[in-house]
Amino acid sequence: MNSFVYDVPTKVYFGENQLGHLGEELSRFGKRVLLTYGGGSIKKIGLYDKVIHEIQKAGLEVFELSGIEPNPRIDSVRRGAQICKDKQIDVLLAVGGGSTLDATKWMSAAACVDHDAWDFFNATWAPVEKALPVVTILTLAATGSEMNAGGVISNPETQDKIGRVARPILPRVSFLDPTNTYTVSPFQTACGAVDMMSHIFEIYFTMDRDIYMLDTFMEGMLKTVIKYAPIAMKDPQNYEARANLMWTSSWALNTFVNGGKQHDWSCHPMEHELSAIYDITHGLGLAILTPRWMEYCLDETTAPKFVQWATSVWDIDPSLPAMEIARQGIDRLSHFFFDTLGLQSTFTEIGIKKEDFPVMARKACGNGSINGLKPLNQQDIEKIFEMCL
Ligand code: NZQ
Ligand code: ZN
């Protein structure tokens, strides 16, 4: 077991009827609040009015930025940072899914510098030394953004979608009320489920030493998603299902499961290139890629890890030959994504074209290789893309 530091000080209010604490939490950081949200779902679900009520009750002054897009764009970050500077904002309140949270987290950093916000993501890779405090109210269980220091931003001009982790942007407080996810569509619920599973796979399927305690924790979270995502899709107001998904999304990507394991992520860099060009939903791209990536990486060396996963998560008969167990596990995953969750299963169905494979593959591995479960260079990634057609 490698040595590591675990230090995630986000304060979480989990469950119903916690919004009464919003005013006191925001007040810790100052008087002037920038409320950020997406395309309007928070108004449809009545959350906007409740949030405004709590802010006003606490005697705070509120400014707003709406229209943050799924796969949030650098222009939204720029707009938010400018408001923070013009209005001398003390604290940002992000209400929405991962896109709203990510954009807001990067606004909080961009508000503290004079350079352009994209300099955090381009070759400049400007340092992130400080950020304004961010509070979040999550409305979609998927990314873990509510409890991690990452954020992924798109730049349509350069066709880049780039994620970066920076400690100053970690949310200080997050409100996780499962009832706020009751209105998430079956499609977005499915994509969120795939996303959190993929976050677990990215750590679970690496060749570094495993930690038994963390592996069993991850297997438990995978089983949780497999059990509750279909229930949430069929019965959107099932509190138990929504609560289990929400807390899993946070713990899948708050660095707890890393446990000091050396790992490169594999499916995420590939997927971000799909979203960068085609603006598809992140979880959908991951669903199409993941079983193909697993098939591509399966060999005599990696088979034991697949056997562990397939027997513990999918209850595949452990007396079968290792390769057979691994293949059955991958088949069960495909069945779960494409039949149970009903997601599209090929690039062809969602309009992703072969002509873009070389550039997407090159950018995914940064001209070198992704060193996850198996090293993947540009040619490997192009082959995985071809398996997705
Ligand atoms: O914009 P609104 O109107 O709010 O609608 C959103 C959006 O259309 C809607 N929605 C959200 N909550 C809802 C709701 N609709 C009805 N009821 C609700 N309660 O859902 C749509 C998708 O929202 P979005 O925020 O884009 O989804 P998600 O949470 O999946 O976030 C995806 C983004 O996060 C990035 C992805 O790449 C993508 O850009 N990621 C961020 C990570 C991180 N910060 O750690 C890690 C992930 O791997 C991921 O890359
Ligand atoms: Zn993800």
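The values are calculated or read from the model by the stated rules, or taken from the named source; none is laboratory data. Because the structure is a prediction, the values reported are computed rather than measured. FYI the Cβ positions are ideal-geometry reconstructions off the backbone, even for glycines, and counts take in every protein chain you see. Calculation scope for accessible area: heavy atoms of the full protein, side chains included, ligands and nucleic acids excluded. Shrake-Rupley method; radii C 1.70, N 1.55, O 1.52, S 1.80 Å.
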*Do any residues in segment 272-294 that are within 18 Å of Val184 (Cβ to Cβ) have Cβ atoms under 6 Å from those of residues that are aromatic (Phe, Trp, Tyr) and in a helix (DSSP H, G or I), where the two are at least six apart or on different chains, and which pairs are they?*
Ala287/Phe337
*Residues that are of a type in the set (Phe, Trp, Tyr), open to solvent by less than 50 Å² (accessible area, probe 1.4 Å) and away from ligand 2 (no atom under 16 Å from the Cβ): find the helices (runs of 4 or more DSSP H) completely inside segment 25-95 holding 1 or more of those.*
47-57
*asked:* So, in segment 284-304, exactly how many residues are open to solvent by 40 Å² or more (accessible area, probe 1.4 Å) and of a type in the set (S, T, N, Q)?
replied: 1
*With the checklist (1) out of contact with any helix residue (DSSP H, G or I) (no Cβ under 7 Å at 6 or more places or on another chain); (2) of a type in the set (A, V, I, L, M, F, W, C); (3) surrounded by fewer than 18 Cβ atoms within 10 Å (Cβ to Cβ) in hand, flag the one item Leu376 doesn't pass.*
(3)
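Which of the residues spanning segment 96-116 are part of a loop (DSSP other than H, G, I, E, B) and of a type outside the set (A, V, I, L, M)?
Gly97, Cys112, Asp114, His115, Asp116
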*asked:* Given (1) of a type in the set (A, V, I, L, M, F, W, C); (2) over 16 Å from Ile200 (Cα atoms); (3) crowded, with 18+ Cβ neighbours inside 10 Å; (4) away from ligand 1 (no atom under 16 Å from the Cβ), identify the lone condition not met by Ile280.
replied: (4)
*For segment 9-24, what are the residues that are open to solvent by 60 Å² or more (accessible area, probe 1.4 Å) and either charged (D, E, K, R) or over 21 Å from Ala103 (Cα atoms) (or both)?*
Lys11, Phe14, Glu16, Asn17, His21, Glu24
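Among the residues of segment 101-119, write down those that are within 14 Å of ligand 1 (Cβ to nearest atom) and either open to solvent by 10 Å² or more (accessible area, probe 1.4 Å) or farther than 27 Å from Leu176 by Cα (or both).
Residue satisfying the conditions is Asp102 alone.
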*Look at Lys354 and say whether it is in contact with a Phe, Trp or Tyr (Cβ under 7 Å, 6 or more places away or on another chain) and open to solvent by 70 Å² or more (accessible area, probe 1.4 Å).*
no
*Are there any pairs, at least 6 apart or on different chains, whose C-beta atoms fall under 9 Å, with the first in segment 195-209 and under 16 Å from Asn2 (Cα atoms) and the second among the basic types (Lys, Arg), and if so, which?*
Ile203/Lys261; Tyr204/Lys305; Thr206/Lys261; Thr206/Lys305; Met207/Lys305; Met207/Lys374; Asp208/Lys261; Arg209/Lys261
*How many residues does segment 131-170 contain that are open to solvent by 10 Å² or more (accessible area, probe 1.4 Å), of a type in the set (D, E, K, R) and within 11 Å of ligand 1 (Cβ to nearest atom)?*
2
